[in-house]
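Colleague: Structure incoming, see below.
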Amino acid sequence: MINREHPLPLTRQCRILNISRSGIYYDHVPVSDKDRDLMRLIDEIHLEYPFMGSRGIKNELWNKGLKVGRTHVRTLMRKMGIEAIYKKPRLSEPHPDHTIYPYLLRGLSITEANSVWSTDITYIPMAKGFCYLVAIMDWASRKVLSWRLSNTLDTSFCIEALEEAISRFGTPQIFNTDQGSQFTSDAFTQILKNHNIRISMDGRGRWMDNVFIERLWKSVKYEEVYLKAYSSIAEARQELTKYFDRYNKRRRHQGLDNMTPDEVYWDTIPKLKEAV
């Protein structure tokens, strides 16, 4: 898809094809079939039991008849971005030189669209490897505003998702993230500051601080990813595009009074309410 000999710049080709720029500069290291299958199972176990570390996950694998050592489990968890001592996938580690911002959502009643947006990264297994998914969600409506796939855990695909969300839906009052280096980086936070968006960050290991996007990951994986074996990032992008379209427009949520994310978003967005 990407033509390095074409006169059109690579960044422009990526933008047209909706591909993260990071992917074209990365030489993917193959994963063995055995390790790929183990990583898929580890992901499922971790999603079901987020409190488990490498020892607990190793025991669960043994219960399934897979006699794998704890050291190997720990190695694969690190490759996936799962940190054993936390209650959520640690796909992004804090950078010692980056500013950490306080958590601003505690005690707030968030009922209007564009009051708070949140984001996170999760691991996506494929038939012959894996990639990472970042999504930006409106807190009140659960609407997925934008998302990107990448085969590396750099900052660029997170920035691309943020820029798309802002260009399509305006700006929130508060943007909430975890303390990962992608989200604490100057490149990411400066975009928020340039738009006068207040920055909120989860406490270390407090996956409940960003609970709605954690629930999104569970829905994405059980309703879409685990049912398929994507042959490539291009196929994953194609299938996830259809999934998120259905999720936003047709999937009714009990927590939203049986409304869809799109219905709640457009019904509660302040600009539309003021214009009535």
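Colleague: Amide H to amide H, which residues 5 or more places from Leu145 or on other chains are under 5 Å from it, using H placed in the peptide plane?
Modeller: So Leu145 has HN proximity to Ile136, Met137, Asp138.
Colleague: I want to make sure I understand the PRE zone here: with the label point 7 angstrom from the Cα of Gln238 toward its beta carbon, which residues in region 135-149 have backbone N atoms less than 19 Å away?
Modeller: Residues 148-149 qualify, since their backbone N sits under 19 Å from the label point.
Colleague: Taking 0.36 nm per residue of separation and subtracting the Cα-Cα distance, what length does fully extending Arg55 through Leu108 add?
Modeller: Gain on stretching Arg55 to Leu108: 15.4 nm.
Colleague: Okay, moving on. Can you run phi through the Karplus equation (6.51, -1.76, 1.60; θ = phi - 60°) for region 129-141 and list ³J(HN,Hα) in whole Hz, with x for Gly and Pro?
Modeller: 3J(HN,Hα) across region 129-141, in whole Hz: x, 7, 8, 10, 10, 10, 9, 10, 10, 7, 5, 5, 9.
Colleague: Can you compute the modelled spin-label distance between Asn196 and Glu164, with each label point 7 Å from Cα toward Cβ, in nm?
Modeller: About 2.8 nm, to one decimal.
Colleague: Given Lys64/Lys143; Lys58/Lys193; Lys67/Lys242; Lys64/Lys221; Lys34/Lys143; Lys58/Lys242, which pairs have Cα atoms separated by over 32 Å?
Modeller: Lys64/Lys143; Lys58/Lys193; Lys67/Lys242; Lys34/Lys143; Lys58/Lys242
Colleague: Please work out whether region 116-275 counts as rounded, prolate or oblate from its C-alpha gyration tensor, where a ≥ b ≥ c are the square roots of the eigenvalues and a/c under 1.5 means rounded, while otherwise a/b larger than b/c means prolate and anything else oblate?
Modeller: In terms of gyration-tensor shape, oblate.
Just so you know, all these numbers are worked out from the coordinates, no wet-lab data involved. Computed from a predicted structure; not experimentally measured. Don't worry about glycine lacking a Cβ; one is built from the backbone with ideal geometry, like all the others, and counts go over all protein chains shown.
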